[in-house]
1. List the strands (runs of 3 or more DSSP E) inside region 21-110, counting only whole elements, that have at least 1 residues being loosely packed, with under 14 Cβ neighbours inside 10 Å and modelled with pLDDT of 80 or more.
2. Return the residues of region 232-266 that are of a type in the set (Gly, Ala, Ser) and within 23 Å of Ala279 (Cα to Cα); say none if nothing qualifies.
3. Of the conditions (1) within 21 Å of the chain's Cα centre (by Cα); (2) assigned to a loop (DSSP other than H, G, I, E, B), Pro341 satisfies every one except a single condition; which number is it?
4. Can you tell which of Lys150, Lys191 is touching a residue at least 60 places away in the same chain (Cβ under 8 Å) and either closer than 14 Å to Gln214 by Cα or surrounded by fewer than 21 Cβ atoms within 10 Å (Cβ to Cβ) (or both)?
5. Note down all Cβ pairs under 7 Å where the first residue falls in region 121-145 and is of a type in the set (Ser, Thr, Tyr), the second is modelled with pLDDT under 95 and part of a helix (DSSP H, G or I), and they're at least six residues apart or on different chains.
6. Check off (1) within 17 Å of Val335 (Cβ to Cβ); (2) at pLDDT 95 or above; (3) buried (at least 21 other Cβ atoms within 10 Å of the Cβ) for Leu132 and give me the number that stays unchecked.
7. Considering every residue within region 233-252, establish whether at least one is within 20 Å of the chain's Cα centre (by Cα), of a type in the set (Phe, Trp, Tyr), at pLDDT 95 or above and under 25 Å from Ser111 (Cβ atoms).
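The values are calculated or read from the model by the stated rules, or taken from the named source; none is laboratory data. Source: prediction; values computed, not measured. Cβ: placed from backbone, ideal geometry, glycine included. Neighbour counts: every protein chain shown.
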Amino acid sequence: MSDFSWGDKLRVTVFGQSHAPAVGCVIEGFPAGFPIDWEKVKAFLARRAPGQGPWSTARKESDLPEVLSGLDGDGLPCGAPITAVIRNENVRSGDYAALANTPRPGHADFSARLKYGAHADLRGGGPFSARLTAPLCLAGALAMQYLEQKGVRIAAHIASIGSVEDASPDPVHPHLPLYAPGAFPVIDPAKGDEMKALIEEARQAGDSVGGVVQCVAAGVPGGLGGPLFGGLEGKMAQMLFAIPAVRGVAFGAGFDAANMRGSAHNDAFQTEDGKVVTATNRHGGILGGISTGMPLLFTVAFKPTPSIALPQQSVDLAAMQPREIAVQGRHDPCVVPRAVPVTEAAATLVLMNEILQGA
């Protein structure tokens, strides 16, 4: 497995940089002949696209996928790798010229220089940029259509931004989708208004704010994953941590389980419609690294956007002298709203890979 490739039965390679001519992906193992609804793919990509409101970066990108290979004459997957690109149409590399030798706090600039030296592409974050989540969402959009035919539905929402918390879905019988199409991605619109106000407050102050995304997958078959290194949580976490700005992943009750007794955390088994289920779902749909057939529940914590307008202390690497910087350019004051579909895409790819393992 390389730094830019993931998976075995379904293998996804992501390529490009924030300010390169394009970003893209190569998808291997997608079933031949599967009908792809490209309008649904475009609609999914639009949920992640920049420039959606004051809580998003002002960078404008159409994010229309251009498929270069992998389809037959009728537009169906032919078994060859599906290669697609998304053009970068609105780059402003000049915004980063003054920072060539001054790493931005909270970014990968310094660590990238340690690994790649002077050849590291730091324009807009280069290959470390959230721009790379566009092709990840492209691959996820295809996988989502495959899973829907298998009866698996995936949806995420903003669980919290700062101290503002959204309502939570029913962990045993979640009602999907969690919010209306095109709406701010929360269950409770009133909480969404509070979140937008908090984001705007941070933006006006030249600062940023972080938050948590919760994801639900219903209809996941039992038996996916395995013990130890084959655990479904581990595979899911590896994919989720590939999303820029992710700082934590928790399943089911997560860290709250550390403050519970076993009698309170254990989910009692019972039967429902001839199937074995659990009365509650604090295990989040996974026990021993293997899916139980209950809804898969997990949360993902995102840090505040490190690009902020406030003065920050750094170092001029050429002169090895202290230097104060204020990051210019166009940035999200909060990445969380646009991270919702990215989280869904990541989960979708993992589940499709696991289902194909047993196909």
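1. Those strands (runs of 3 or more DSSP E) span 65-69.
2. Ala250, Gly252, Ala253, Gly254, Ala257, Ala258, Gly262, Ser263, Ala264
3. Every condition holds for Pro341 apart from (2).
4. Only one candidate passes the filter, namely Lys150.
5. Listed pairs, sorted by first residue: Thr133/Arg48.
6. With respect to (1) within 17 Å of Val335 (Cβ to Cβ); (2) at pLDDT 95 or above; (3) buried (at least 21 other Cβ atoms within 10 Å of the Cβ), Leu132 is out only on (2).
7. The answer is yes; a qualifying residue exists.
Per-residue answers, yes or no, for (1) touching a Ser or Thr at 6+ places or on another chain (Cβ under 7 Å); (2) of a type in the set (A, V, I, L, M, F, W, C); (3) within 22 Å of Gln357 (Cα to Cα):
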position: Asp207; (1), (2), (3): no, no, no
position: Val213; (1), (2), (3): yes, yes, no
position: Ala218; (1), (2), (3): no, yes, yes
position: Phe229; (1), (2), (3): no, yes, yes
position: Leu232; (1), (2), (3): yes, yes, yes
position: Met239; (1), (2), (3): no, yes, yes
